[in-house]
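**Student:** Have a look at the structure that comes next, please.
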Amino acid sequence: MTRLRWGELLGCSLAYEVASLYKQHESPLLLIADDTETANRLYHQLQFFIGGNSDLFLFPNYETLAYDQFSPDENILAKRLSILSRLSSKSCRICIVSVATLLQRLPPRTFLETNSRVISVGDQFNIEDFRSRLFSLGYTSVSQVQAYGEYAIRGSIVDFYSPNSDYPTRIDLWDDCIDSLRYFNPDNQQSIDKINSASVLPAREFLIDKKTIESFRYKFRSNFTLQPDQCFVYSSISESIIPAGIEYYLPLFHDETATLFDYLCDDTICIYPNTLSEIATKHTDYIEERYQLLAYTKERALLKPALLYLDNDELLKCLGNFGNIETQTFKYRTTQEQNDIRNFKTRIPPPVALDQLQKNPTQKLEKFIQNYNGRILVTAPSQGYLEQLLEILTPHRICPKLVENWQAFLQSSEKFCICCADLYQSVMLDDIHITLLAYHDIVAKVPSIGQQSKQARNVAALIQSIGDLEIGSATVHQDHGVGRFTGIKTMDIGGYLSEFCVLEYADSDKLYVPVTALHLLSRYTGNPSAHIKLDKLGGRQWNVARRKATIKAYDVAAELLDIHARRNISANIRFEIDHPNYHVFACDFPYTETADQESAIDDVLQDMNSDKSMDRIVCGDVGFGKTEVAMRAAFIAVHNHKQVAVLVPTTLLAIQHLEAFRERFAKWPVRIEMLSRFVSNSRKKEILAAIQSGNVDIVIATHTLLRTPPNFAHLGLIVIDEEHCFGVQDKEKIKSLRSSADVLTLTATPIPRTLSMSLGGLKSLSVIATPPPGRQAIKTFVTQWDDELIYEACNRELRRGGQVFFIHNEVRTIDDVAENLRVLLPDVQIGVAHGQMSEKNLEQTMMNFYNHNYNVLVCTTIIESGIDIPNANTMLINRADRLGLAQLHQLRGRVGRSHHTAYAYLLIPTRTEITEDAEKRLQVIESLEDLSIGFTIASHDLEIRGAGELLGEEQSGHIHKVGFAMYNDLLKRAVETLKSGLLPNVDQPLDTVAEINLGEPALIPPDYIPDVNLRLVFYRRIASAIDKESLAALKVEMIDRFGALPDYAKNLYTNASVRIICHNIGIRKLIANESELHIYFEEQPKLNLEKLIAMVKNEPEKYRFVGHKKLIIAEDENSMETVTARQSKIQGFFELLSLEQAA
């Protein structure tokens, strides 16, 4: 067995030497890292040195605590199972793992070998057997597959997402045989590539079949004295339900467990730090301590640590079965006789960081390049950083040669090169006379390591989702008013089947709306559901309400257009962009921008560089990077000698923004001041005078600035942060500031009026919908106050080195709550923060929390906006029932700002003690855990609270009557009408779409798309299609997702195609049967009427008018037997009469 010691491994040299070993030997390598962060860093470095990652894998940690009552994220479980499968099949050459992860016991190797299956095109296939198999493997049945471990069956289409696949797989069956296999995109559900075979791995580290459940039950009773029926885990597994935290009962599912070492080949070489035993002992001590803490908890049965983890002795014994290389950063002492030690000749490079305050910022780098005799490779973590670095260096005549990768650099003879790589650490490799300079050692900032999301968010779909119909919700019909949507019903009408949406109105009257007319329906939003008054079918009430709302919409549209016009004719500032300096500023951003963030920044820069005033909203969820967008805009404004006003809702946020802006602008001669209630009157006067004289470049202010707005010398940009926190009066005062200045609004949950203006084209909208790399959804729980739960939640966070927010929004009793927590957590440092503290004390408390002097911060909602403490990933909110939905969302966004799983506990009294609206708010916030849900939160908040609270009573009264979605449509049409110079017509129907009846059933059969909501989505999309191209694309998507179209669904698409034709030429209604066409015209159809009249005169037996708007066409017998034939006749008739042909 190999027994070596490697010393003097500085910087990224360990990764370089491991890569060299990988290339020189065939043996697999297990690289053991101190912790998760080090493992992640080594993974990126090795990707660079070995030129790809097909043989390289990072085995992830659960990201939960020992004996936790939470399960790991499904992505983590999938990655672990995928890597174990690769290790088992000898297709993993380098595996990186942290010490803590290495100690965990795993399922036996035979588990994956016997429960994995490969399916291929042409295989015999039984759907029910496969369904049963997937369930036993831990897969979850869903309506559409989006995450690992999910499956969906729709007729002859079977979708599943196996842990070892980058994309989910779609099986298309022909009878009982696999006709095709395809990967598909989980975001839009459309196929990507055809494949010949696919593997199906377990979705969990255990089975959930009958035999395994019986074994689990037997072993549980053998290991514990606790009555099984009293244990939630036992009861759940007995019912084939997988409870959270089940991973800590893994040994009860298997006859024996394994370790990662059992999956390794015999010739594997294990590389580990010389502190391995010390790190392992620290982890095992912690596990034992946690076991002792929880072992006697009521209703919890815990397995002993030895059944779940290796101890240090077992770890060393396992290592002894393989080749070993021990490593350290220091030099090993050696003698000539010792040939098992190798000290590498590595050094840390001298400081080469750019200094923008010096006349020559690159002086240190230039000196190093001139004096160094070897070759130099600079690495940047992304293409954007690489280009920015080149733009900084080129003016100083430092021109590195661009190479593609490490191999290209080795083959080049150039002395000084640059490439894209995330090395993080610089090093001088004296053995080969090469120095690697990492980006952050040149610009003195460290970009975070992480990967972008594979799929970009569909922003249009994000906004569209506000109007989705839900069964049981109040719904607005354009012509009949507010009813309640009770579902869809299939009915036999005139001898053929059709589906209808059923709306219930006052007096239990029913309205059956054809699914082809779903565009006439919208979800009602604008008043708490309990207070919604249903309209009466056939009554005048709805027409009156709609007319009044239309009149009001025109008034509002005129007001908005007037504001918009006055802004556009006022003296506008066209900002010039100093690209070299801007790129230096952008380069200092310490993170990698997401695609959406870059897009938002580009939008803002284009607006500022245009001839029109900017009025843009940047909408992004909490922690998605909106502030950086504002900083980029502020930089451009200041470099054009204009002032910037940043308006924030709270003093605490003003303090944090002041620190953030000053740090971000530290290298630049920019004066930044703050105005808030914490600023003394004398100091305030000085700042206001400096603003008036133009000596302050950026002022960050709360409502204080609006009380007596200063006379800015050169105001060029106004940034409004968290606009929903400003009232109507505040916004009126903001208008007085903004006559010629550009306006940038930042928000996570846009108020509906602002969203209306953006969707109506009066405000520009940028949406940051992609979360930062590594961000995970926040696990949210609504529960009553429980000392044991609070103790457990706090300790879970503190044990992993994190911090806790405890929100108590009542200053009078906040100290009492803090004292209770000190009794509950005697060894924990607890601080208190609220808005009635002095500026000095509040700032000191926040700094103590930021610097980890406090582990728990008991505070009011003062931390709601903008506070950024990435290490705090658990929040408890006391009396959460008293807070609004948007406020709860904002508060929850203070945690989960790192790669760790975050937790939010909403503490309430008993359910009977809270109001109905509070119950709804809590249900919404608990159910919406996904990232980027600000739009959804805004919609639900409007529905629960009512429009009055958000929009003001004058406007909201009309919204109560017609619903926000319809009011928004009315407003949009009013804006378009006035912009085009047309006269308002308040009696004009909002939307007229041709009614088509081709005499055959036209619907989506329930057995084709069983999920009602999904069926409704497709009905609406088909009804809303505006041209043949979008309809054809929708048809392709449906076939791809659900299989070949049934005849009834084909008829539905034919109807839609005819509807589009009729709508475009002014046909109100069309009915077809086997022998006749009945066509009903609008007032001014777009047809060659002269030719039509001639046809009626020449062939009266075929063409005849009934009145002046209805035409009947008699066709030959049997010429229109099918729907396709009727479509062809209709299309031919209208083509014959087209105005284009006449021309």
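**Student:** Looking at (1) at pLDDT 90 or above; (2) not in a helix (DSSP H, G or I), which one does Pro590 not meet, given that it meets all the others?
**Tutor:** In the conditions (1) at pLDDT 90 or above; (2) not in a helix (DSSP H, G or I), Pro590 misses (1) alone.
**Student:** Next question, about the same structure. Working only within segment 381-429, note down all residues that are among the β-branched types (Val, Ile, Thr) and surrounded by 15 or more Cβ atoms within 10 Å (Cβ to Cβ).
**Tutor:** Scanning segment 381-429 gives Ile392, Ile398, Val403, Ile418, Val427.
**Student:** Residues in segment 82-91 that are more than 31 Å from the chain's Cα centre (by Cα) and within 23 Å of Glu63 (Cα to Cα): how many?
**Tutor:** Residues that pass the stated criteria total 1.
**Student:** Identify, please: which residue in segment 597-627 is over 25 Å from Glu864 (Cβ atoms) and of a type in the set (Gly, Ala, Ser) and is, among those, surrounded by the fewest Cβ atoms within 10 Å (Cβ to Cβ)?
**Tutor:** Selected residue: Ser610.
**Student:** Another question, then. Evaluate the following for Ile636: is it assigned to a helix (DSSP H, G or I), over 28 Å from the mean Cα position of the chain (by Cα) and under 15 Å from Leu717 (Cβ atoms)?
**Tutor:** Here the answer is yes, as Ile636 does meet what is asked.
**Student:** I need the strands (runs of 3 or more DSSP E) fully contained in segment 170-283, keeping only those with at least 1 residues that are within 39 Å of the chain's Cα centre (by Cα) and among the basic types (Lys, Arg).
**Tutor:** 177-184, 191-195
**Student:** When you go through Thr259, Thr275, Thr297 one by one, which is the residue that is modelled with pLDDT of 95 or more and not aromatic (Phe, Trp, Tyr)?
**Tutor:** Result of the check over Thr259, Thr275, Thr297: Thr259.
**Student:** Can I ask one more? Look through Tyr263, Tyr272, Tyr291, Tyr309 and report the one residue that is touching a Phe, Trp or Tyr at 6+ places or on another chain (Cβ under 9 Å) and either farther than 21 Å from Val99 by Cα or in contact (Cβ under 8 Å) with a residue 60 or more places away in the chain (or both).
**Tutor:** Step by step, each of Tyr263, Tyr272, Tyr291, Tyr309 is checked, and only Tyr291 is touching a Phe, Trp or Tyr at 6+ places or on another chain (Cβ under 9 Å) and either farther than 21 Å from Val99 by Cα or in contact (Cβ under 8 Å) with a residue 60 or more places away in the chain (or both).
**Student:** Another question about this same structure. Ala741 fails exactly one of the following numbered conditions: (1) of a type in the set (Gly, Ala, Ser); (2) at pLDDT 90 or above; (3) crowded, with 17+ Cβ neighbours inside 10 Å. What is the number of that condition?
**Tutor:** Result: Ala741 passes all but (2).
**Student:** Only one of Ser240, Ser235 is among the polar types (S, T, N, Q) and at positive phi. Can you tell me which?
**Tutor:** Only one candidate qualifies: Ser240.
For every residue, the table says whether it meets (1) over 29 Å from Ser764 (Cα atoms); (2) assigned to a helix (DSSP H, G or I).
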| residue | (1), (2) |
| --- | --- |
| Ile601 | no, yes |
| Cys619 | no, no |
| Met631 | no, yes |
| Val670 | no, no |
| Lys684 | yes, yes |
| Gln692 | yes, yes |
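**Student:** Continuing with the same structure: Quick check: is even one residue across segment 258-270 touching a helix residue (DSSP H, G or I) at 6+ places or on another chain (Cβ under 6 Å) and farther than 20 Å from Phe206 by Cα?
**Tutor:** Yes, that holds for at least one residue.
**Student:** Next question. From the list Ile83, Ile96, pick out the single residue that is of a type outside the set (Phe, Trp, Tyr) and part of a helix (DSSP H, G or I).
**Tutor:** When all the criteria are applied, what remains is Ile83.
**Student:** When you scan segment 16-63, how many residues do you find that are of a type outside the set (S, T, N, Q), free of Cβ contacts under 8 Å to residues at least 40 places away in the same chain and assigned to a helix (DSSP H, G or I)?
**Tutor:** 3
**Student:** Take the residues of segment 801-817 that are surrounded by fewer than 17 Cβ atoms within 10 Å (Cβ to Cβ) and either without any contact (Cβ under 8 Å) to a residue 60 or more places away in the chain or charged (D, E, K, R) (or both): which is farthest from Thr861 (Cα to Cα)?
**Tutor:** Asp816
**Student:** For segment 1008-1025, state whether one or more residues are outside any helix (DSSP H, G or I), among the aromatic types (Phe, Trp, Tyr) and either free of Cβ contacts under 8 Å to residues at least 24 places away in the same chain or more than 25 Å from Lys1086 (Cβ to Cβ) (or both).
**Tutor:** Yes, that holds for at least one residue.
**Student:** So which of Ser136, Ser120, Ser141 ends up being more than 18 Å from Phe57 (Cβ to Cβ), at pLDDT 90 or above, touching an Asp or Glu at 6+ places or on another chain (Cβ under 7 Å) and among the polar types (S, T, N, Q)?
**Tutor:** Answer to the selection: Ser136.
**Student:** Something else about it: Is there a residue in segment 70-92 that is under 30 Å from Thr281 (Cβ atoms) and either aromatic (Phe, Trp, Tyr) or not assigned by TED's automatic domain parsing to the domain that holds Tyr309 (or both)?
**Tutor:** Within segment 70-92, one or more residues are under 30 Å from Thr281 (Cβ atoms) and either aromatic (Phe, Trp, Tyr) or not assigned by TED's automatic domain parsing to the domain that holds Tyr309 (or both).
**Student:** Name every residue in segment 1051-1099 that is over 14 Å from Leu1137 (Cα atoms) and β-branched (Val, Ile, Thr), in order of residue number.
**Tutor:** Matches in segment 1051-1099: Thr1054, Val1058, Ile1060, Ile1071.
**Student:** Among the candidates Leu978, Leu1016, single out the residue that is of a type in the set (A, V, I, L, M) and at pLDDT below 75.
**Tutor:** Of Leu978, Leu1016, the one residue that is of a type in the set (A, V, I, L, M) and at pLDDT below 75 is Leu978.
**Student:** Kindly evaluate Leu437 against the criterion of being buried (at least 20 other Cβ atoms within 10 Å of the Cβ) and touching a Pro at 6+ places or on another chain (Cβ under 9 Å).
**Tutor:** Yes, satisfied.
**Student:** Can you report the number of residues in segment 8-26 which are of a type in the set (Lys, Arg) and buried (at least 23 other Cβ atoms within 10 Å of the Cβ)?
**Tutor:** Of the residues in segment 8-26, 0 are of a type in the set (Lys, Arg) and buried (at least 23 other Cβ atoms within 10 Å of the Cβ).
The values are calculated or read from the model by the stated rules, or taken from the named source; none is laboratory data. As the structure is a computational prediction, the values presented were derived from the model and not from experiment. Backbone-built Cβ (ideal geometry, glycine too); neighbour counts: all protein chains shown.
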